[in-house]
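The values are calculated or read from the model by the stated rules, or taken from the named source; none is laboratory data. Note that the structure is a prediction, hence the values are computed from the model and not measured. Backbone-built Cβ (ideal geometry, glycine too); neighbour counts: all protein chains shown. In case anyone asks, the SASA skips ligands and DNA or RNA and just uses the protein heavy atoms, side chains included. Shrake-Rupley method; radii C 1.70, N 1.55, O 1.52, S 1.80 Å.
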Amino acid sequence: MATQTSSFVVELPLRVCPTLEEWVEKAFELGRNIYNATLGGVLGRIRAMRESRAWREACAMPKGAERNKRLKAVRESFRLTKYDLFADANDHRNGSGRGEFLGAHEAQQIALTVWKAVDNYLFRKGGLPRFKSASRGLHCVRR
């Protein structure tokens, strides 16, 4: 039988110098910009995909494996995959000229956050993903 031990959480304030604080603020701002740029691009591609003839024809098919295969092919032709979003986010990071504030792994994690929201939207499990405002911004950047 396993015994339980007591555990505690200690929260300590983080003190950083003004230079580091400014650097972190710039990194979070860049992360917010990457999020919004990636989301804007993918929402445009979703709109174009849903207006396409191939999408409408695939949706009109009876439900089944063949329909799912066609819908997946249409999504891939419009670059609506998780890995396409990873590439888009990294392109936005490189194109910003501020790539020293966030690495490729952080940009990929931001794209993964966008993908989860878009995936829920595509499959009717969630509403339209929203952009991050400057006043609210990002809460965390994972590595």
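Miscellaneous remarks
- Within region 21-54: backbone nitrogen closer than 19 Å to the SER135 label point (7 Å, Cα to C-beta): 29, 32-33, 36
- Nearby lysines by direct alpha-carbon distance to LYS72 (threshold 19 angstrom, same-chain neighbours under 8 apart not counted): LYS63, LYS82, LYS116, LYS125
- Local charge for LYS82 was computed over the other residues whose Cβ lies under 14 Å away, with Lys and Arg +1 and Asp and Glu -1, and equals +1.
- Neighbour net charge for CYS17 - beta-carbon separation under 15 angstrom, K R +1, D E -1: -1
- Cα shape, the chain, gyration tensor, a/c 1.5 rule: oblate
- Estimated FRET transfer efficiency when R0 is 41 angstrom, pair ALA87-THR3 (beta carbons, to 0.05): 0.25
- Per residue, the solvent-accessible area of the chain (1.4 Å probe, heavy atoms of protein chains only, all protein chains present) comes to 71 Å².
- For region 40-101, the fraction of C-alpha pairs farther apart than 17 angstrom is 50 percent.
- Radius, Kirkwood style, for region 19-66 when every pair of distinct Cα atoms is counted (Å): 13.8
- Straight Cα distances below 14 angstrom link LYS69 to the aspartates and glutamates GLU57, with same-chain residues fewer than 8 positions distant left out.
- Apportionment of accessible area to carbon and sulfur, the chain, percent (1.4 Å): 53
- Cα gyration tensor, region 103-143 - rounded (a/c under 1.5), prolate or oblate: oblate
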